[in-house]
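*Asks:* The following block contains the structure, expressed as structure tokens.
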Amino acid sequence: MSDTSLRVVWVYPDLLSTYGDQGNVLVVERRARQRGLDVQRLDVRSDQPIPTSGDIYLIGGGEDRPQRLAAERLLRDGGLNRAVDNGAIVFAVCAGYQIMGHEFVNDLGERSAGLGLLDVVSSRGEAERCVGDVLGEADDQLRLPELTGFENHQGITHLGPGVRPLARVRLGNGNGTGDGTEGAWRDTVFGTYLHGPVLARNPQIADLLIKLSLDVNALPPTDDTWYEALRQERIAAATQPA
Ligand code: GLN
């Protein structure tokens, strides 16, 4: 972080913002401001260069064609990889998560290269599209409460040795390979199939991103009554018998 402000970069809202992904930007901004931080938000469209000076980069989900275009432009640009080399933090959702990996299968049925920021490879699942609620026990190292979210993806993602799963699912598919894992992370790069404004349901992930950017272990507490009410409502709805 610079001396004065936390720089939050929303990557390609014109291509990767199909599921209310702006919510993640708003949650990070709000929780940082609640801790007295000055926040500078940069929305970077796909015809603009990715700044390398950001602290936290948020990348959303998208349909198959915009996902292919986004991956091509990010690769050509190179800014996100340089930012991560400099220690930037990335939180990528669904299509964004697949783009962070080595490769994924695109809308033309061909392999598209990803950015290689996560040691994962995505392919097209043979089974039905993964759609529905997800509950998952987060990786111990992250010290997060149970994750709650909603997934909607055809792609499935295989994890390599260079990443750890973000969570193990209690409900839902997650990475969709049948191994019970959901998402992937390493160092400062995080990917998840919990789509849309997942940080509104898991504000502790937003705090984790802020803590990493400040290089601190804790943040001042906030009043999380409404976040917690939403979490509990979604957990109850997800686990209630059909
Ligand atoms: N197009 C990708 C898939 O279906 C990602 C979808 C999404 O972002 N929800 O796997």
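The values are calculated or read from the model by the stated rules, or taken from the named source; none is laboratory data. Remember, it's a predicted structure, so these values are computed and weren't measured experimentally. Reconstructed Cβ throughout: ideal geometry from the backbone, glycine too, with neighbour counts over all protein chains shown.
*Asks:* I'm trying to understand the selection: among the residues of the stretch 200-242, which are in a helix (DSSP H, G or I), in contact with a strand residue (DSSP E or B) (Cβ under 8 Å, 6 or more places away or on another chain) and surrounded by 21 or more Cβ atoms within 10 Å (Cβ to Cβ)?
*Replies:* Passing the criteria: Arg201, Ile205, Leu209, Ile210, Ser213.
*Asks:* Also, I was wondering about something else. Only one of Gly174, Gly132, Gly149 is farther than 19 Å from Arg31 by Cβ, part of a strand (DSSP E or B) and touching a strand residue (DSSP E or B) at 6+ places or on another chain (Cβ under 8 Å); which?
*Replies:* Checking each option against the conditions leaves just Gly132.
*Asks:* Tally up the residues in the stretch 127-139 that are within 13 Å of the ligand (Cβ to nearest atom) and either in contact with an Asp or Glu (Cβ under 6 Å, 6 or more places away or on another chain) or not β-branched (Val, Ile, Thr) (or both), please.
*Replies:* Adding up the residues that qualify gives 6.
*Asks:* Next question. What is the number of the single condition among (1) of a type outside the set (S, T, N, Q); (2) more than 11 Å from the ligand (Cβ to nearest atom); (3) modelled with pLDDT of 95 or more; (4) over 25 Å from Pro203 (Cβ atoms) that Gly172 does not meet?
*Replies:* (4)
*Asks:* Among Arg111, Arg124, which is the only one that is touching a strand residue (DSSP E or B) at 6+ places or on another chain (Cβ under 7 Å) and without any contact (Cβ under 8 Å) to a residue 24 or more places away in the chain?
*Replies:* Arg111
*Asks:* Right, something else. In the stretch 161-188, how many residues are at negative phi and either without any contact (Cβ under 8 Å) to a residue 60 or more places away in the chain or surrounded by 21 or more Cβ atoms within 10 Å (Cβ to Cβ) (or both)? Steps first, answer last, please.
*Replies:* Going through the stretch 161-188, the residues at negative phi turn out to be 161-171, 173, 175, 177, 179, 181-182, 184-186, 188.
Still in the running and either without any contact (Cβ under 8 Å) to a residue 60 or more places away in the chain or surrounded by 21 or more Cβ atoms within 10 Å (Cβ to Cβ) (or both): 161-170, 173, 175, 177, 179, 181-182, 184-185.
Of the residues in the stretch 161-188, 18 are at negative phi and either without any contact (Cβ under 8 Å) to a residue 60 or more places away in the chain or surrounded by 21 or more Cβ atoms within 10 Å (Cβ to Cβ) (or both).
*Asks:* Would you say Ile59 is among the hydrophobic types (A, V, I, L, M, F, W, C) and within 16 Å of the ligand (Cβ to nearest atom)? Steps first, answer last, please.
*Replies:* Values: among the hydrophobic types (A, V, I, L, M, F, W, C): yes; within 16 Å of the ligand (Cβ to nearest atom): yes.
Taking the combined requirement at face value, the residue satisfies it.
*Asks:* A further question follows. Where residues in the stretch 8-33 are of a type in the set (Asp, Glu) and within 16 Å of the ligand (Cβ to nearest atom), which of them is surrounded by the fewest Cβ atoms within 10 Å (Cβ to Cβ)?
*Replies:* Residue satisfying both the conditions and the ranking: Asp14.
*Asks:* Which numbered condition trips up Arg73, out of (1) away from the ligand (no atom under 12 Å from the Cβ); (2) at pLDDT below 95?
*Replies:* (2)
*Asks:* Ok, one more. Residue by residue through the stretch 183-218, note down the ones that are within 16 Å of the ligand (Cβ to nearest atom) and polar (S, T, N, Q).
*Replies:* Thr192
*Asks:* Please go through the stretch 116-129 and give me each residue that is over 9 Å from Ile156 (Cα atoms) and assigned to a strand (DSSP E or B), ordered by number.
*Replies:* Scanning the stretch 116-129 gives a single hit, Val120.
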